[in-house]
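Inspection log for the structure reproduced underneath, given as structure tokens.
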Amino acid sequence: MKINHKVIVFLLLLISSAIHAQTKLNQQGEALIDNLISQMTVNEKLGQLAQMRWSWGDSPQAAATQKLYKERVKQGTLGSFLGVHGVALTCELQRIAVEESRLKIPLLFAQDVIHGWRTIFPVPLAEAASWNPDLVGQSARVAAVEATSAGIHWTFAPMVDISRDPRWGRITEGSGEDPFLGSAMATARVKGFQGDDISAGNTLLACAKHFCAYGAAEGGRDYNIADMSLQTLFGIYLPPFKAAVDAGVETFMGAFNEVNGVPMHANDFLINKVLHQQWGFSGLLISDFTAVMELQRHGIAATPEDAGVLALNAGVDIDMESDIYAGELASAVTDNRVSEKVLNNAVARVLRLKYKLGLFDDPYRYHNLEREKENILTNEHRQVARNVARESIVLLKNDNHLLPLSKTIKNITVVGALAADNDAPLGAWRGQGRKEDVITVLQGIKEALPGARIGYEAAYDLPEFKNQDDIKDRIQKSVPETDVFILVLGETARMTGEASNRSSIELPGEQNKLAQILKRTGKPLVILLMNGRPLALSQIAHEMPVIVECWFLGVEMGHAVADVLFGDFNPSGKLPATFPRVTGQIPIYYNHKNTGRPPVEDDFFRSKYLDVPWTPQFPFGYGLGYSSFDISAPVPEKQVIHSGDKIVVSVHVKNTGKYDGQEVVQLYLRDEVRSITPPVKQLVAFNKIFLKSGESRSIQFVIQPDNLKFYDSNLNYKSEPGWFTIYSGADSENLKSSRFQLVN
Ligand code: NOJ
């Protein structure tokens, strides 16, 4: 069905838009900004909208660029930098801006601080597996404290893109496939980065990116187009962005992709109408790197100037690195292709950020040499990193309760080069993280068992994961002196991140073969996985008894893994995205539609495959612990509710195992019949609770009126009367249910 955008805009505007933290400043601030704008030339205004990447190094070319940019700062034609850090340099550039430029407007320094600055935390996908927003917020807080100590004002994080395609390398930077979990993580990270007071001096401006649907890149190929119904866009891909707005995020970044034929950097509907008008976001949206220039390649702009006009009018306030606004748009302003109003609006958004950070009062407040030295990689920061890391670990299989291993074990052989690799744990986007700061898995195991013999075999060569020629013999030789083998498999860090997509997400190289070799020794075997995306693990999942998903856990990786292996920490992570059996099942996600022919075993003409089951290897929300929990069916407080009512649902949980531990109690909802086909279930609440062995507790969830709503064919956001099934359980498949009815 073709939907008229004007109708949609009208409908959307009917929904009240909240007033958010990004709105205007106090009178004094607005007056200062108005006054500045009234004095600025068009070139100075466009300069505030330019962001360029700093050129590091001392090559003649870098030196020339540095000179040019300093000159532009002096001329007032460059308002912010990407990639400048360190107190010495940021201070020097700031000095030029506030002492040598005509209007003395301070600079902004931006950087990708994604999962830590120097103290590197688990990659964001791993952190999401903790299902612990408080901890994830602490991780962002530490990152902000460290990065601001290095002179940085603004991070290009959190990435809140939903992705249903693990081939996409950037799935590692987000929170997985679910809008509810993604929204919880978005909120936690925004609050962690920005703190309670953005002028505190140790808080970073956060940036919700990439707006929007970037995670829906066709075929999992980064930068590719996104084509989807508006119901899916609004219902699945947009909620974490809306959550970021509600959490007070100060900035947004546009996505490289087009959405339904309109590139996001020219998307007036989604930026101006939805983000600003409907959601009430009055902060700033920055382009992605050279994305304004790329509008020409998308085929919707004939010249760089046209590209700039389209972008600025669509609500892209800062042009990162294309340098089209500053270089090409002055005449477009003169001939009114970009109105003075649009231009001034964008400039005001930039100046407001500078004001909010307190830079007009004290432009040097982020540049303190003492702080730079003291605040980096402290013991406290490492401790937070270890806490987050161990909560991010997901126990996938633990046959015969082999784990936790006893600390009295005398002989362990660790196999796999990733175990001793201090690069992979840093993952993609590692800020100032250093390899020498990393506790490797091997080191963590050695520290945990100082009295034991810990052997090590690299077994394969990185990055190809090619098995070493004599590996069979060497493994065989180590058998008599080994009580347990710990085999580390996975990916290198470079296999995820920007542009690092894989057409096959099976374990690369000869790793499945290596697992077989170890299995055949007959010795107890623990497989640890280190990777940045969901993997297709059918081969090992079938035959190997113990598998632990450890992801890339940052500088404290080895300690965190050892905490789990030897029982100092009871694993409690849950998958934030579905793990398929084979790559060919993608897209596979838990909140799919039922279809008219849902798969069943004994009927051929159903929606399934000939060569592989239709079910995932490990479902969304799945993860074991050392204990076991009994989770009751959900009990709604009423059987019938009215539209607009909340409903409280109780679930009784008992720790029936031997160990104290945490469980993530999950609540899903299914709208049984409605006018747009419903997903088979949708996560609407979760609660991570700690129970001692034998302890039980009743927990209450509140289902909000919004949880019952969806976008109908005219994009009305509404609920319809009828029956709902509620499910409770420890993952998205192992569930108990009850029902309630919504009447008007
Ligand atoms: C391109 C990436 O898409 C974006 O996420 C990042 O913030 C910018 N480069 C700046 O590094």
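Of all alpha-carbon pairs in region 548-597, indicate the percentage at a distance above 14 angstrom. Every Cα pair in region 548-597 considered, those over 14 Å come to 66 percent. Counting only DSSP beta bridges with both residues in region 385-585, the antiparallel share comes to about 25 percent. Computed over the chain, the alpha-carbon pair-distance distribution with 20 angstrom bins reads 17, 48, 30, 5, 0, each value a whole percent. Axis of helix 5-14 versus longest Cα principal axis of the chain: the two differ by about 80°, to the nearest ten degrees.
Note on the chain: antiparallel DSSP beta bridges, both residues inside, total approximately 55 percent of the bridges counted. Our summary of shape: the Cα atoms of region 373-421 have principal axis extents of 47, 23, 22 Å, ordered from largest down, in whole angstrom.
The label point for Cys91 and the one for Asp34, both projected 7 Å from the Cα toward the Cβ, are 3.8 nm apart. What does the net charge come to around Thr583 if you take all other residues with beta carbon closer than 13 Å to its beta carbon, with K and R at +1 and D and E at -1? Overall, the nearby charge balance is +1. The fewest-to-most ranking of Leu369, Leu357, Leu25, Leu377 by surrounding Cβ atoms within 10 Å reads Leu369, Leu25, Leu377, Leu357. Helical runs assigned H by DSSP (4 residues or longer) give the chain a calculated mean residue ellipticity at 222 nm of -8000 deg cm²/dmol, each run adding -39500 (n - 2.57) before division by the residue total. Compactness of region 40-114 is given as radius of gyration and Dmax, 11.9, 36 Å, from Cα positions.
The magnitude of the dipole of the chain, with charges of +1 and -1 set on the Cβ of Lys/Arg and Asp/Glu and taken from the Cα centre, is near 940 debye. Gain on full extension, evaluated as 0.36 nm per residue between Ser713 and Lys373 minus their Cα-Cα distance, stands at 116.7 nm. In a fully extended conformation the segment linking Trp56 and Asn400 would gain 118.4 nm over its present Cα-Cα distance, using 0.36 nm per residue. Exposure proxy for Leu405, Leu230, Leu487, Leu535: other Cβ atoms within 10 Å of each Cβ, ordered fewest to most, give Leu230, Leu405, Leu535, Leu487. Distance between the pseudo-spin-label points of Thr232 and Arg102 (7 Å out from Cα toward the beta carbon): 5.1 nm. Across region 385-585 the C-alpha pair distances fall into 5 Å bins from zero in the proportions 1, 8, 17, 22, 23, 18, 9, 3, 1, 0 percent.
Arranged from fewest to most other beta-carbon atoms within 10 Å of their beta carbon, Ile517, Ile703, Ile120 become Ile517, Ile703, Ile120. Extension gain, Thr677 to Glu481, is 64.6 nm, computed as 0.36 nm per intervening residue step minus the present C-alpha separation.
In the chain, taking the dipole from charged Cβ atoms about the Cα centre, the farthest positive-side position among Phe710, Ala188, Leu68 is held by Phe710.
Projecting the alpha carbon convex hull of region 629-743 along each direction and taking the average yields 6.7 nm².
Taking the DSSP bridge list for region 344-501 and keeping only pairs wholly inside it, about 20 percent are antiparallel.
Values quoted throughout were computed directly from the atomic coordinates according to the rules given, and no laboratory measurement underlies them. What you see is a predicted model; the values in this text were computed from it and never measured. A quick note on method: Cβ atoms are made from the backbone with ideal geometry, for glycine too, and the neighbour counts reach across all protein chains shown.
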